[in-house]
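Colleague: This is the structure, below, for whatever I ask next.
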Amino acid sequence: SVVGGCGRLPALPRQPGMAEAEAAGDSGLGPAAAQESAELAAVIGATVPTGFEQTAAEEVQEKLGSASRISKDRGKIYFEVPARSLPQVHRLRSVDNLFVVVQEFKDYQFKENKEDALKDLENLVKKLPWTDSLKVWELNNSLKKKKTKRKKHNLQSPASREKLSDGGEEGGADQNNTNDQENCAQNPMAVEPTGGQDTEKPQGATSRNGVEEEEDSEQSDVKVEVQASSESRTKAGDGQTGEGEAKVLRFRVTCNRAGDKHSFTSNEAARDFGGAVQEHFQWKADMTNFDVEVLLNIHNNEVVVGIALTEESLHRRNITHFGPTTLRSTLAYGMLRLCDPQPTDIIVDPMCGTGAIPIEGAAEWPYCYHIAGDNSPQAVKRAANNICSLLRKNESKDSSTAQGVPLDILQWDICSLPLRTGSVDIVVTDMPFGKRIGSKKKNWDLYPACLMEMGRICTPGTGRAVLLTQDKKCFAKALSRVGHIWRRAQTVWVNVGGLHAAVYLLRRTWERAEERRSFW
């Protein structure tokens, strides 16, 4: 069966009471672009942290009023929105990458013969409804251009120059790190498939749509070596070159394939599909400096063709100073949302690392008070620099209304926190996995001591903790030892950089926590 992509579904009704001018103003689109997007509906695909698909669907419903469908392929959701809502879509906190769906095939029948299967993919290109999806891509580009212009304007203003010069070494470090990020975005990281799959790694396989790969999956971007015609009829973004000729778009095809019943590799699928795209549009293939990234996602018999709307993952939004185990902001959001923060709650991250969790918390739940700490002075320094970067970003948006963030950071010992007993509402933290930091052996002593100290500072009866760890065996043992103060309420299985980890939601019992206790 075939599900229509962008433009095939009826346009969503206008939000009640929203005037045309308000819609244009809120969206950040110009009047012409707003008018064009008014009736254009788009099916958006979003990659999200695996295990938090339901959380992302709830956020989409809450902020955009759209119902989401969770894909059988873990880590993806789909929802329909008016094209004018693209700015709000980019502000979602739980999504890593976004793409507009050209067309989706629920039960695509692949031929058993490799040549026939690849030929079918080539022929598919001419049958796809590209028009509306490319309109959405152009609207998305116009938003990115406006954002870039605003950034340039802010950097060139005298006040900004003054702040940058006053910033000293820290400011310089931030700028250098930002440049590093931009370079990372332009030079995608290599993806290594993970266990139990079609383990062939395609030559030159790269990705900008996330480092994590699920089992039985492979990914490939292929540059199609065919000379493109300069007579392209398609315009990019602002349309014309200086001499009135249409600009030739550069593109690449990224194929994500999961499943063991295909007769072809992702490399071959991307190569042949990309060749057909080039022939159809007369675009020019370019692996690195491309305008359009066409996505070919194949999960068993489910095929989704899309066009990428994000250049780099949205999970990098808060962090400029990275540590050895920096947590993704999207995963941090999912963890925070799991514990349902309420206004005036005191939220503590006792092992904050580079500060991903408290920074995300302060940005999304500003009516709570966030306290972060770590025993490593280097980690505390990185977190402080990330907070400074967030403050500068807030100032650049609107200096007249810029405020501080309700967040403090300090160095401490996780087993002896300088906080009053029962004074904290929520503890959220990423515990050491025992791989890059610490060791599995140390975790056997650390985990029960941590859980006991967290139990001491949390409010009996109402306190809760959300803890991420990959050392599940050690955690289960430690939890059984402190079962009198912590009760496990929910477990979410997640994929963290290819490692199978768990997020535990714990609820504090009414039992009084002892100050010190022998655990083993």
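Colleague: Check region 429-444 and report whether any residue there is in contact with a Phe, Trp or Tyr (Cβ under 6 Å, 6 or more places away or on another chain), buried (at least 16 other Cβ atoms within 10 Å of the Cβ) and either at pLDDT 90 or above or not charged (D, E, K, R) (or both).
Modeller: no
Results for (1) modelled with pLDDT of 95 or more; (2) surrounded by 16 or more Cβ atoms within 10 Å (Cβ to Cβ), shown as yes or no for each residue.
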{"residue": "MET454", "(1), (2)": "yes, yes"}
{"residue": "THR469", "(1), (2)": "no, yes"}
{"residue": "PHE475", "(1), (2)": "no, yes"}
{"residue": "ALA478", "(1), (2)": "no, yes"}
{"residue": "GLY483", "(1), (2)": "no, no"}
{"residue": "THR491", "(1), (2)": "yes, no"}
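Colleague: How many of the residues making up region 90-117 are touching a helix residue (DSSP H, G or I) at 6+ places or on another chain (Cβ under 6 Å) and either at positive phi or at pLDDT 95 or above (or both)?
Modeller: Result for region 90-117: 2.
Colleague: Going residue by residue through region 251-262, is there one that turns out to be assigned to a helix (DSSP H, G or I) and open to solvent by 10 Å² or more (accessible area, probe 1.4 Å)? Before the answer, list the steps.
Modeller: If we filter region 251-262 for residues that are assigned to a helix (DSSP H, G or I), which is where we start, we get none.
No: region 251-262 contains no residue that is assigned to a helix (DSSP H, G or I) and open to solvent by 10 Å² or more (accessible area, probe 1.4 Å).
Colleague: Can you give me the ranges of the helices (runs of 4 or more DSSP H) entirely in region 11-89 with at least 1 residues that are within 25 Å of VAL303 (Cα to Cα) and at pLDDT 95 or above? Quick ask: steps written out before the conclusion?
Modeller: Working: elements: 20-27, 31-38, 53-64.
Ranges flagged: 53-64.
Colleague: Then there is this: Do you know which residues across region 366-388 are assigned to a loop (DSSP other than H, G, I, E, B) and either free of Cβ contacts under 8 Å to residues at least 24 places away in the same chain or surrounded by fewer than 20 Cβ atoms within 10 Å (Cβ to Cβ) (or both)?
Modeller: Our first condition is that a residue be assigned to a loop (DSSP other than H, G, I, E, B); within region 366-388, this holds for 366-368, 375-376.
Scanning region 366-388 gives PRO366, TYR367, ASN375, SER376.
The values are calculated or read from the model by the stated rules, or taken from the named source; none is laboratory data. Computed from a predicted model, the values in this text were never measured in an experiment. Backbone-built Cβ (ideal geometry, glycine too); neighbour counts: all protein chains shown. With ligands, DNA and RNA removed, areas are computed over all heavy atoms of the protein, side chains included. Shrake-Rupley method; radii C 1.70, N 1.55, O 1.52, S 1.80 Å.
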